[in-house]
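Below is one structure, written out as structure tokens, with a few remarks after it.
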Amino acid sequence: MLWATAGVAALGFLVALEIAARRLGIPGPITSQAREAVFAPKSGFLLYAGMALTMVVLTWRQRLIALGVAIGIDITVFVVRWLADARVTEGHPFGNGALWVVLGCAVIAVTRRTGPERLLLLKGVALGLLLVAGRKTGDTWLLITAKTHPTVLDPYLATADHALGNPSWLVGRIVRATGPVGAHILDYVYVQLAVAAVCVALYQLRHVAAERRFPRHHLVRTFLVIGLLGPGIYMIFPVVGPIFAYGPGASGTGGVHWALANIWPETAPPMTAPHPMPYDEITPRNCMPSLHTAWATVIFMHSRKGPRVLRYAGTFWLIATLGATLGFGYHYGVDLIAGVVFALTIEAALRSQARGWDRSGTQLVAYGATVFVALLLSYRYLPLEMARYPWLYGPLLILAMTSVIYGYIRTTKLWESTPEPARQPELQPELV
């Protein structure tokens, strides 16, 4: 019943988002995903990552067959496009086969499986499709934020960022000094964040095929919930980012004509009273909080119990993601602090839900949510005071984030040293 309810809710959400997108004249997530069954997908790597999540419920023989079928379909589609002289100008020339394999697993589950085996295979299909649908849903949300918010609040964050020493401007100059090699590495890390998450998730789910069940909590759950809730904050606090509001990064989208000044990353913005500024209807308002920081944070946390190479990879991905978000001018420093608090709060809530709510879990989630709301309110209503007294507000921002990190570590260590709270058995009907 839980999985059925979640499936119906997810489908209803996708349909509602599709309708909202159509009314704004933009493609919705269902339309975009349906096109990738035939046309070149936006990210072939993501489709294969989704297929990999589906394959955690299969045996090794079934995995090899599924992978072979996916590659065979991609080769066939490539040959057909080549013969028809249909060049791929956007996206990747592969990935259709992975999507077809996932859909084929759904058909097999319904027609050839029964009982627990059907349910397990459908869970695997749902996991793979949710990762892909989450990306499409996020893309649609970003377009909606641009269409529905003609003004942005970048001057408020740029002013508040003085309390942290304007880290985006500093790291931006450092990235430029590294030349094209450093920029290409950071860009790859930034774009392929979902693939890194799948690598960690595959390690966590490595025993699903043998045990015939999923663990109560794993990385994909947190990853998807962050992507679902984050855009809602975008609608409340619309921000485009330093390179769009203060630099040339919007050229090609028309946004260069909307920037306040072309000063990123050479010159920090002046300390003046902030005000909402108008912006175009194309550039996403996707800065507050930094979801890339939130995702990289949970990848780091979930990689801690893996082998050494996975722990090193999780650390590298977190550091590189922070460098990319700041160095490319996509985020302000205050975005990253909010992103870390956002991630820890959601992770704590999902872990509490998986093990059973207790007092420590409830207190941690409530505290994290309170700090997150306090951060948003301070960025909106106290930015000038934060800029005037950086020696006070800078350490306070770091202290607020650190307190949530400390609370999470302390609470989770307590959970690991004590047994999970006993769940109340469900009432069963009896014959009378």
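Could you sort the peptides 222-232, 366-376 by per-residue average Cβ neighbour count (10 Å cutoff), highest mean leading? Numbers along the way, then the final one.
Values: 222-232: 19.3, 366-376: 17.5.
Highest to lowest by the protection proxy: 222-232, 366-376.
Of 43, 417, which has the most accessible area and how do the rest follow, probe 1.4 Å?
Values: 43 20, 417 85 Å².
Most to least solvent-accessible, the answer reads 417, 43.
Need one number: nm distance between label points at residue 191 and residue 377, each 7 Å from Cα along Cα→Cβ, rounded to one decimal.
About 4.2 nm separates the two model spin labels.
Using a Förster distance of 60 angstrom, determine the FRET efficiency expected from the C-beta separation of residue 112 and residue 273, and round it to 0.05.
0.35
Would you calculate, for the chain, the mean residue ellipticity at 222 nm contributed by helices, counting each DSSP H stretch of 4 or more residues as -39,500 (n - 2.57) and dividing by all residues, to the nearest 500? Working shown, then result.
Values: 18 runs with 297 residues, N = 432.
Computed mean residue ellipticity for the chain: -23000 deg cm²/dmol.
Using the Cα centre as the reference, give the magnitude of the dipole from point charges on the C-beta atoms of the chain (Lys, Arg: +1; Asp, Glu: -1; all else neutral), rounded to the nearest 20 debye.
Working: 35 positive and 22 negative charges, 237 e Å.
In debye, rounded to 20, the chain gives about 1140.
Collect residues whose amide H, placed 1.01 Å from N in the peptide plane, falls under 5 Å from the amide H of residue 152; neighbours closer than 5 in sequence don't count.
Close amide H contacts, sequence-distant or interchain: 277, 279.
Please give me, ordered by residue number, the GluC sites (Glu not before Pro) of the stretch 13-99 that lie in loop per DSSP and have at most 11 other Cβ atoms within 10 Å.
Working: sites: 18, 36, 90; in loops: 36, 90.
Hits after loop and neighbour filter: 90.
Any aspartates and glutamates with Cα under 19 Å of the residue 42 Cα? List them, leaving off those in the same chain fewer than 8 positions away.
Excluding near neighbours in sequence, the set is 18, 74, 90, 139, 187.
For the peptides 334-343, 204-213, what is the packing order when you average, over each peptide's residues, the other Cβ atoms within 10 Å and list the highest mean first?
Numbers: 334-343: 26.9, 204-213: 14.6.
Ranked by mean Cβ neighbours within 10 Å, highest first: 334-343, 204-213.
Want the number for residue 312 to residue 225: 0.36 nm per residue separation, take away the alpha-carbon distance, what's left?
Details: separation 87, 0.36 × 87 = 31.32 nm, distance 2.49 nm.
Length gained, residue 312 through residue 225: 28.8 nm.
With a 1.4 Å probe and all protein chains in place, put 257, 184, 292 in order of accessible area, largest first. Present the calculation step by step, with values, prior to reporting the outcome.
Numbers: 257 160, 184 135, 292 40 Å².
Heavy-atom accessible area, descending, gives 257, 184, 292.
With a point put 7 Å past each Cα toward its Cβ, work out how far residue 216 is from residue 86 in nm, to one decimal.
Using points 7 Å along Cα→Cβ, the separation is 4.8 nm.
Round to the nearest 0.05 the FRET efficiency obtained for residue 119 and residue 406 when R0 = 45 Å and r is the Cβ-Cβ distance. Walk me through the numbers on the way to the answer.
On the way: r = 40 Å, r/R0 = 0.89.
Efficiency at R0 = 45 Å is approximately 0.65.
Computed FRET efficiency, Cβ-Cβ of residue 388 and residue 170, R0 25 Å: what is it to the nearest 0.05? Numbers along the way, then the final one.
On the way: r = 20 Å, r/R0 = 0.80.
With a Förster radius of 25 Å, E is 0.80.
Tell me the label-point distance for the pair residue 19, residue 357, using the 7 Å Cα-to-Cβ offset, in nm and rounded to one decimal.
About 3.0 nm separates the two model spin labels.
For a protection proxy built on the mean count of beta-carbon atoms within 10 angstrom, sort 136-147, 95-106 highest first, please. Mind dumping the intermediate values first?
Working: 136-147: 20.9, 95-106: 22.6.
Per-residue Cβ counts within 10 Å, averaged per peptide and sorted highest first, yield 95-106, 136-147.
The values are calculated or read from the model by the stated rules, or taken from the named source; none is laboratory data. Everything quoted here is computed from the prediction, not taken from an experiment. Heads up, the Cβs are rebuilt from the backbone with ideal geometry, glycines too, and the neighbour counts pull from every protein chain shown. Quick note on the areas: whole protein, heavy atoms, side chains included, nothing else; ligands and nucleic acids left out. Shrake-Rupley method; radii C 1.70, N 1.55, O 1.52, S 1.80 Å.
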